[in-house]
Each structure stands twice: as structure tokens, then as C-alpha cells.
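The values are calculated or read from the model by the stated rules, or taken from the named source; none is laboratory data. Owing to the predicted nature of the structure, the values given are computational and were not obtained by experimental measurement. Cβ coordinates were reconstructed from backbone atoms using ideal geometry, including for glycine residues, and neighbour counts include every protein chain displayed. With ligands, DNA and RNA removed, areas are computed over all heavy atoms of the protein, side chains included. Shrake-Rupley method; radii C 1.70, N 1.55, O 1.52, S 1.80 Å.
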Amino acid sequence: MHKKPKKYSVFSLVKNALSYHENWKPAWRSPRPKKEYDAIIIGGGGHGLTTAYYLAKNHGLTNIAVLEKGWIGGGNTGRNTTIIRSNYLWDQSAALYEHALKLWEGMSQELNYNVMFSQRGVMNVAHNLQDVRELKRRWHANRLNDIDCEWLNTEQVKEFCPVINTSQNIRYPVLGATLQRRAGTARHDAVAWGYARGADAMGVDIIQNCEVTGFDIKNGNITGVETTKGRINSKKIGVVAAGHTSVLANMVGIKLPLESRPLQALVSEPVKPVIDTVVMSNTIHAYVSQSDKGELVIGAGTDGYTSYSQRGGFNIVEDTIMAIVELFPLFSRLKMLRHWGGIVDICPDASPIISKTHITGLFINCGWGTGGFKATPGSGWVFAHTIANNQPHTLNAPFNINRFSSGELVDEHGAAAVAH
Amino acid sequence: MFIIKCPNCGEREQAEFTCGGEAHIIRPKNPPELTDDQWADYLFIRQNNKGLQLERWNHFFGCRQWFNVARNTATDEIIKIYNMGEKAPIVEIEEPTTPSGEPSIGSGNFSTSTNTAKNK
């Protein structure tokens, strides 16, 4: 058995500073896979790691493994623009994302790991009459669901975010905005590392560089997986593989309503604090915030075709930058430092699938599309409940896979926000 | 970003085109008799392959004509372009060695090796 990792505190910081920070212990182990586990989670991103963490913490299931084909947090967890909010239109989504937001609020304390969660507010800007109507509708829907939301007129937008261009003579003038003050950003890598450390401390094996290449099913029951590190047995397997979910589902003959597309983001050179909130615009398809390092973090829309290449078209970047520069003319001379793409799995109704499957013991959590990061803790929480009890939590019951046959879609297209 | 050779206009940037999704999905001949699952299959279920994918594309900012494209979604390489109504071609592509692995070129990630697989 391994020793529990030491608690991080100001004393451990001072102690390690005296030894030039050369004696920090690894935050999690790198064990060899055992022959058998009580449960296996495929995918070591935020959602997979939180699933393992809550399986151990809430359901006492500690003999579990997280299998990751690359390194943990190296997929979409490390490729998003770290925006966290819960101002969704429909009741089902609002409940799910609000549950996640409440978990974010206590996360750093719970994990003893600073995830740099910053409730700096998220502003969704309206540029035409239709935007104003849609956003006001969402504002009222949020109020009815006890989710904090405010409507700001143009002057209030300018007051809240002074660098925004509120001139009414531009192509897409700012006519108002909704503001969720409890929303904000977090450090995405820290979320993966914090949950990995927390899960590892409870005995979860995190196995990196281990790709699943096949499943073993006997009489409709899942019995194990084939991996690049050999066969591993388990009667419960959760697939949390984001863009590659269809690839895994194809191995067991499950057809999913997913399309995997590139979603790009980019960051600028670091500058002094200039924007202390998150600004999103659905109409002109851009969102921007400033990281603690000072870089502007800018997100784009998805490329319009299926791809697993983790890169997209420059025309998408150009469109996004045009929109950002019109809204924030003072950003026009900033140089962009890095640019990347992630592969997001998009459902026809832009809502996730967190569900059992027709194969006993096989569960899937996918379809988070362009907005999965904000749901990281909530997704793991309800998926762990689904795996442990073999039935969905009330929060994820509406997000079952059968909704595409029954017609009970949770249609957040256009209703949710940017790129949904 | 990749270049698509439009059958009418020649080589143009992908930004001029829109992707119409998976090709060869046949509209049901007997809609009133379809079960809910069959409707779901027709409306929503997609192959979403990593590797060879057959798609419909439209030269939206050009001749506005539709055509079919056989494309490797792991690398974005276009293998073959053929007309609407034609049967799916049999083509060979280079696939990653493992199902979720990375191809040797064309990906934002690195890979170690590849093999060649044939489309059935």
C-alpha cells in the first residue's frame, strides 16, 4: 500500500522552499494495472478523474482504475477556455450545471489543491433585438431556477467592463448583456491534477499511456477491456472519452448520435490586467477572458466538419479575431502566442449523454460538445452515482441515450450560449 | 484548413465549402411504418469514424454544387471526390495502428507508427 500524500499548506511550502523545492513528492502514483478492478473508467480527463474521485468518495468504491491513452488532462481538459457558468435555459441543464457550479465553489478546499477558481462573472452580450429577447428569456428562466443572473443595459455593460466598445455605430453594437456574477474561470490543469491526487489518495490507480483497444462482452455483460498494457477485467466500465467516444462505442456495436469536430482556441502574449471578467457573444461567435498570467484567452466556434486531427481552419480563427477586435479595439495590436484545437463530441441537441447502455455494466458519459469543462465536477458526481447504483441520478436521468428515440431532447442549441 | 478540389471550380480553400455530413444516408421509403428507434437511427445516429469517412460537401461560396468526398478524418486528407448519386468508392487509407491512436502525419499530436488498412 502507498502512503497518503502529505497535505499541502503554508508550512509544507516553507519547508520545501528551504530545500530549493527539490523534495516535493509526486502527487499521484504511476502503478502497473492490476488484473481486475471493481470498476474501470476509460478516459483520464477532468470528467473521468472526477468520476473516479466520486466513486471512491461518495460510493466507497476504491478498487478502480482510470485508463488514459495519453497523459491525464492532455485532451479537452487542457484545451478549453476554462469558462464556468450555469446560466442554461432549460430546467434539466440548469439543474445539472448549477450542481456543478456549487461543487466548483468548494473545490479547492475539498481537494486541498488550488484550482484557482475565480468567480469574476460571465457576461453574455446581445447585439440585436433577437439576442435581447433570447437573453432576457434566459435571464428569467435562470431566476425561476434560483440561478443568479442579471440584465445589464448598454451603460451598465460599459460600467462593468470598461474596455468593451459600446459605440452604437459598429456592425454588431452592444445592446445589453446578461451577467452571472457567480460564474468565472479556473485553472484547467489544476482541476485534472487536483482530482487525480485526490482519487489516488483514496486508492484509485491512474494508468497513463494505456489505450483501450477492445472490449470483452459475455452474454450481454461487460467483463473487461483489452488495452495496450494487456487485458484488464472489470464488471463495470465507464467510457468518458470525449471526442473518441464513437471510436470506443464502435468496438461494441453501439451507435451514437455524435459528431467529433475540432474546436479551436488561442492565447495572446501576456499583458497587464485589462479585462476582469469573461465576455461571450453568441452572435459574433467569440469569447474572451484574461488568465492570471495575463494572456487573453480567446475561444472560437467549431469547424464545420468531422475531424480527429486536433487542428482546424485559420478562417475560424480569423472570424473570431475580427469579432474580438471590433468589441475590444484596444486588443488589435496584441500578438497571438499559441493556438490549438481539441476534438469535441457534439450531440444533435447540444446536451450530453450520461447513461447506461444496453450492455450490462457499460456506461457512457459523452456529448459534452463545446461546453464540458464547466460541468467537470458535476458530470463526475452523477456519472459515479450512475455506475455505482446501476441507475441514473435524478440530475442525469433526462440525459439518457434513449431520448433520441423518445424525442425528449434537451435542446440547448442556440439557447445555451456560444457555440452551442 | 485544407484544400478541396471542387469538380466544377478546381482547388479552393475549405472555408469556401460547407460540409453536409455523412453521405449515403437513405431517406426511409416507408416513413409511417418506421419505429421510434428507426427514426432515431435515420435522424441522429452517425458513424463518426476516425479514419475513412464518406461525406457530402457543398461549394457554398462558389458554384453551390453538391458532391461527395472520401476523407480521412484522422489526417483531414481527401482521398477521393465523386459525384452525388455515385456508389461509395473502395479506397485505401493509412490508419493509426491503434483505434484511438494518432496518424504519422496530419495530426496536432505526434505518433509512433502506422499501418495500412483497407476499406471493406
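Highest GNM mean-square fluctuation among A:Gly253, A:Gly75, A:Gly176, for chain A modelled with Cα contacts below 10 Å: A:Gly253.
Taking chain A as a Gaussian network of alpha-carbon nodes connected by springs under 10 Å, the highest mean-square fluctuation of the residues A:Ser307, A:Ser19, A:Ser332 belongs to A:Ser19. Annotation note: trypsin sites (Lys or Arg not before Pro) in segment B:1-41 located in DSSP loop regions with a Cβ neighbour count of at most 11 within 10 Å are B:Lys29.
Volume of the convex hull of segment A:7-100 (Cα atoms only), normalised per residue: 177 Å³. Values of log10 I(q)/I(0) for the protein assembly as shown across q = 0.10 Å⁻¹ run -0.85, by the Debye formula with one identical scatterer at each alpha carbon and no solvent. Here is the tail figure for segment A:85-144: Cα pairs spaced more than 19 Å apart come to 43 percent of all pairs. Farthest toward the positive end of the dipole of the protein assembly as shown, out of A:Leu179, A:Val125, B:Ser100, is the Cα of B:Ser100, where the dipole comes from beta carbon charges about the Cα centre. Normalising the average separation of contacting C-alpha pairs (under 8 angstrom, six or more residues apart) by the number of residues puts the relative contact order of segment A:41-162 at 20 percent.
Would you mind computing Rg(Cα) / (2.2 N^0.38 Å) for segment A:302-345, counting N as its residues? The partial results should precede the final answer.
Working: Rg = 12.4 Å, N = 44, 2.2 N^0.38 = 9.3 Å.
In units of the 2.2 N^0.38 Å rule of thumb, it is 1.34.
Rolling a 1.4 Å probe over the heavy atoms of the protein chains gives chain A an accessible area of 41 Å² per residue.
Here is the link list: B:Lys29/B:Lys80; A:Lys69/A:Lys272; B:Lys5/B:Lys50; A:Lys218/B:Lys87; A:Lys102/A:Lys136. Which ones come out longer than 32 Å on Cα distance? Too far apart for the 32 Å limit: A:Lys69/A:Lys272; A:Lys218/B:Lys87.
Each part gets one Cα centre, and for segment A:277-355 versus segment A:185-215 those centres are 26 Å apart. Surface calculation, 1.4 Å probe, protein heavy atoms: A:Lys102 sits at approximately 120 Å² accessible. Scanning the protein assembly as shown for cysteines with no neighbouring cysteine C-beta under 4.7 angstrom from their C-beta gives A:Cys149, A:Cys161, A:Cys210, A:Cys347, A:Cys366, B:Cys19, B:Cys63. Remark: relative contact order (segment A:247-310) = 39 percent; criterion is Cα-Cα distance under 8 angstrom and separation of 6 or more residues. The mean sequence separation of alpha-carbon pairs under 8 Å and at least six residues apart, normalised by the residue count of chain A, gives a relative contact order of 22 percent.
The chymotrypsin sites (Phe, Trp or Tyr not before Pro) of segment A:44-99 that DSSP puts in a loop, and whose beta carbon has at most 14 other beta carbons within 10 Å, are A:Trp71.
Among A:Val271, A:Val225, A:Val297, the largest mean-square fluctuation in a Gaussian network model of chain A (Cα springs under 10 Å) belongs to A:Val271. Split chain B at each of the chymotrypsin sites (Phe, Trp or Tyr not before Pro) in a DSSP loop with at most 13 other beta carbon atoms within 10 Å, and the longest piece is B:1-60.
Oblate is the label for segment B:33-111, because a/c, from the alpha-carbon gyration tensor with a ≥ b ≥ c as root eigenvalues, is 1.5 or above and a/b does not exceed b/c. Kindly identify segment A:132-189 as rounded, prolate or oblate by the Cα gyration tensor criterion: order the square roots of the eigenvalues as a ≥ b ≥ c, call it rounded if a/c is under 1.5, otherwise compare a/b with b/c, prolate if a/b is larger, else oblate. Taking the square roots of the gyration eigenvalues as a ≥ b ≥ c, segment A:132-189 is oblate. Take each peptide in A:62-69, B:84-91, count the other Cβ atoms within 10 Å of every residue, and average; sorted highest first, the result is A:62-69, B:84-91.
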